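See below for the structure under consideration.
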Amino acid sequence: MKINTPKFVDVALIARGLAAVNVIIWHLWGTDTTTNDFYYPTIISGRVSVWVFFALSGYLIAFGFYSGKYHLKWKSILRFYKNRLLRIYPIFFVVSVISIVWGVISIDSINWKFIAQDIFMLQWNHDYTLNGVFWTLGVETQFYIFAPLIYFFQEKILGRFRYLHVPIIIGLYYLSVKLGLIGHFDMRNFLGNYLIFAFGFTVAGYKDSLGVTQTKLKVYMLTFLAVVLVILINSAYFNGTFWSLQYMVFSGLFASLILIIHRLIENCKIPTGMITNFLMRLGVLSYGLYAWHGFLIKINFAMNSLVLGITFSLLLSYLTYLLIEKPFLALKAEKRNYGQGRKKSSASPVAP
């Protein structure tokens, strides 16, 4: 069965897939900060990949509202919630149940007291005993809950001053640090990651302002800036100064550059090739890749083999995409003839 991908190059979808693969690499190969292996500085930290993922989600969800697919009316908002639930929860539930079954079979220690809050994401600060990496899906689900309010704030309150969205949140974070409300930036709830989602939301607000003139030059310049930023971020991680507001902002800017590049290339409608098609398929499988590698880590499978870890994560994510995700995605409620929002967009991304 075929994995559905767009006909034209979708950089955001490619970035989602690469971010998921990079998290696998980080967890299986890159978390030993004492290593002197030559390749180590080239590995982007898992948290940066997660933040890129959050920014991409912020952009794609905001795109749904700005394109007119969703509106600030109850019927439309409920349809939005239904679609988000169908996208993220089936794979989450299936892998969680398999984790429980594995725990029972292997006589692993399962804290049954917390099973319900794991299965139903009944947490504020996400910490999953069944699958440690699921905290990111929990945070993303919290973001979905607040997304209509975020759109209302950015579009109806800030309006043409929507560019102030990110600076306002940075200011609130800075004030929270000074007041002692934030002591560390390894936060695993929506408020602790709101800034990153806001970067994606803001870029979506200006999606129709990015022209197609001198696209190649713009892409080269933005790519250069993105590389410089990621070098600075990596250097901070290895020097122990990464967990700060400054580098959270740098990570958000890095993700924003990826999104702007995505929009510039999307406007050019470049047909996909063999490599871009493969990379976009990774993007479609990204939730499964992320979920399954967490399970493989839990059962201590392929912990010493990056190739095996990625291979089995790919195989399992492909199977659950065909058997679980794709059938549920077919149930998503779509609004006919969307694209009649604030401005009609020239293209629409594959929903996260």
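Read-outs throughout are calculated quantities, based only on the coordinates presented, and are distinct from any laboratory measurement. Worth saying up front: this structure is predicted, and the values here are computed from it rather than measured. Heads up, the Cβs are rebuilt from the backbone with ideal geometry, glycines too, and the neighbour counts pull from every protein chain shown.
Quick notes on this one:
- Across the cross-link table entries K82/K178; K218/K332; K75/K326; K75/K216, which are compared at the Cα atoms, the separations over 32 Å belong to K82/K178; K218/K332; K75/K216.
- The chymotrypsin sites (Phe, Trp or Tyr not before Pro) found in region 155-211 that occupy coil by DSSP, while having at most 14 further C-beta atoms within 10 Å, are Y206.
- Order of Y66, Y81 - criterion: other Cβ atoms within 10 Å of each residue's Cβ, fewest first: Y81, Y66
- Within the chain, the longest segment free of exposed loop sites, counting trypsin sites (Lys or Arg not before Pro) that fall outside DSSP classes H, G, I, E and B and have at most 10 other Cβ atoms within 10 Å, spans 74-335.
- Pairwise FRET efficiency - I105 versus Y206, Cβ, R0 = 51 Å, nearest 0.05: 0.50
- Axial C-alpha extent at least 27 Å, average Kyte-Doolittle at least 1.0 - helices from the chain (DSSP): 46-66, 74-105, 215-239, 245-268
- Among the listed values (1) 1.05; (2) 0.94; (3) 0.97, the one computed from these coordinates for Rg/Rh (Cα atoms, Kirkwood Rh) is (2).
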